[in-house]
1. Cβ contacts < 9 Å: first residue farther than 16 Å from F513 by Cα, restricted to the stretch 456-473; second residue in a helix (DSSP H, G or I) and hydroxyl-bearing (S, T, Y), any location; separation 6+ or different chain. Result?
2. Is there a residue in the stretch 579-586 that is of a type outside the set (F, W, Y), assigned by TED's automatic domain parsing to the domain that holds L597 and under 27 Å from I221 (Cα atoms)?
3. Please indicate, with yes or no, whether at least one residue in the stretch 171-180 is farther than 29 Å from S380 by Cα and within 18 Å of the chain's Cα centre (by Cα).
4. Would you list the helices (runs of 4 or more DSSP H) that sit entirely within the stretch 174-236 and hold 2 or more residues that are more than 14 Å from H279 (Cα to Cα) and at pLDDT 95 or above?
5. Any chance the stretch 55-63 includes a residue that's of a type in the set (G, A, S) and without any contact (Cβ under 8 Å) to a residue 40 or more places away in the chain?
6. With the structure loaded, tell me whether M234 is on the phi < 0 side of the Ramachandran plot and over 23 Å from the mean Cα position of the chain (by Cα) or whether it fails that test.
7. Any chance you could count how many residues in the stretch 12-60 are more than 17 Å from A130 (Cα to Cα) and in contact with a Phe, Trp or Tyr (Cβ under 8 Å, 6 or more places away or on another chain)?
8. Suppose we filter G199, G235 for residues that are surrounded by fewer than 19 Cβ atoms within 10 Å (Cβ to Cβ), out of contact with any strand residue (DSSP E or B) (no Cβ under 6 Å at 6 or more places or on another chain) and under 21 Å from Y162 (Cα atoms); which single one remains?
Amino acid sequence: MKEVPRPAFWRIILALTALSLGGFGLAVRGLMLSLGIPATHPKGLALLAGLAVALLVTLALLASTWTSASERVLRALTFTGRLEGRRWRVIGWAAFVLLLPLFTLLIMCPYTGNLIGFNLWLRWGFFWGASLLLLYAFKTANKDVEWELALVIVVIIHAIFYRLVFFIPQISDYPFVPGWSESSRFYDASLFFARRLYGMDVPLSVLHPSLHLLYAVPFAIPGAPIIVHRLWQMGLFLGLTIAVGAFFVRRLDLERRGLRWLLLGWAFLFILQGPVYTHLLVPVVLVLWGYDNDNPRRTMEFVLLASVWAGLSRINWFPAPGLLAAVLYLLETPRRVYHKTVLYLSMPFNFFAFGALAAFASQRLYILFSGNGGAAQFYSSLSSPLLWERLLPNATFWLGVLPGALILSLPIWGILFFSLRKTSLHPLRLAGILAALGVLFLGGIVVSLKIGGGGDLHNLDAYIILLMLVSGYAAFGRVAPEQEGRSLETSESAPGKPPWAWVLLSAVIPAWFALQQVGGPLGGVDLAAAQTALADIRQRVESVAENGDPVLFISQRHLLAFGEVDVPLVADYEKDFLIEMVMSGNTEYLGGFYDDLYHRRFGLIVAEPQVFKLVGTNEHFGVENNTWVRKVTRPILCDYEPVATYPEYNLQLLAPRAGPQECP
């Protein structure tokens, strides 16, 4: 089959390749300087010269696409699409399978991973180069697939493979937790079994109760090791993310199986851009599963169930299930169904209003039965200050919340524009859909600016889900037409086909966001050394407890939950909750903390290394660091002093000072 080359496609591919080569070359030069390699080093010069030649060749090819040699150049670039025969098909699939793990293995190898793992230009350069090789392998095996679609397929598969493999190192029996909140998640989940684990009743978590309810399941198995818990948590996240994508694809009712799988993969990557956290995927699954345009009662039941769960999750998610159902109604119900606007809007209003009320009631009931005192601590986020500098590029998030959100949204809004411009959609429906997207977008931006946030785009979670849903309905013609008796295939009702460039961007940008998530290389931990350190910590901590002195675990409290250290639990001042109280300025709670420190209530404190160091606001989470240092580190160091520090495990033991206060 003779394939006609498309100049526009290859111009963009060559332009992206030239940009990638330029950024890659600059990143290589920066890496050489950081490693102390002189500019005149022969191997370094050879590498940079090779990249320069590749860049010049790419630019020359790009320029030639506007000349009389364009057709010859494009036919040369598309040579694999003309390799006929079963032998070439087998060779193509074999090459695809062999090339697919190449980039990921390069990142996961301890040596190369440490060299290039944290430089986005280097990661992107290798990813894009490997994707182009995969594209040629895929086209060798699949002659009938257009080049544009083939590249979309390759980029999605490549990015998914990268993200899935990087979950592997996170499933281990390593006793310490390298992440910021993993220890707190384990501990808060264990509180559902506090009587068995700690011999006492402990109030349930104030923060994210629904998440900890999900994570509590392995604690039902006495003695389940930490690797089981990590496997469960990872399985939950992946399983629920895939479930959201599957229900999303099912609602679109696509006929082609290959297209369904491709869209499922794209939805998986799109959700990971936030990412949308595990517990917030549950109400999305419930609404997508339960919404039935012909059965409002069933829909309301699922909306209420999802809203009850949202009430145990986050305040800003209280209206999300009802709003999601309301938008589904606007997408699937033409305005002509009801003659009066009030009647037409009554159903989505009921979804929204009753859902929000159910969420509020669910939270109030949880507060009542959780064992916590008042309700003020549950609304601490409402009093947290806003950091407006996080709106634009900053040290905490190099993209900035607003530019990052716009980059994420741009290709989808492009697809929406071209898909909806020929679709018969009543202005009332369009206004409602856009209003819902706008409210969730602005709400996510504001929440991201709260102190402690703005490090990524996860607070735009509800917006990400709704944008994905609306774009799917629009792109695949599933928006119910206004004209009675007209099908979606008629010229007036059918969606406009978006240009392939927007479709390609909708795959490339989620892949680019996926590359910003970097996991640890394989074999990056020393389990034997960790066990030796744990034994030393256990001996020190338990000897203090045997003398009758309480031991406060501010961090690494999961060591108590898993029985790695056997001391009575001090339930107060757990790290994540203490951070929340610090950032929201809860003076009453902090006053009790300071009083306990002053009177040396604890015989030992287990915390992250406490260093009195104030940094500029242009540092990563600089405002949070300085707030913690002033309100936690300084008070601790006034009355306690380090007696043992384990920097490789981010852990420190502090004992009461023998003399008077010595405040830094």
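The values are calculated or read from the model by the stated rules, or taken from the named source; none is laboratory data. Not measured: the values here are computed from a predicted model. Backbone-built Cβ (ideal geometry, glycine too); neighbour counts: all protein chains shown.
1. What qualifies is Y463/S409; L467/S409; S471/S419; S471/S506; Y473/S419.
2. no
3. yes
4. 182-190, 194-198
5. Checking the stretch 55-63: at least one residue is of a type in the set (G, A, S) and without any contact (Cβ under 8 Å) to a residue 40 or more places away in the chain.
6. Considered against the rule, which asks whether it is on the phi < 0 side of the Ramachandran plot and over 23 Å from the mean Cα position of the chain (by Cα), M234 comes out as no.
7. Residues meeting the conditions: 2.
8. G235
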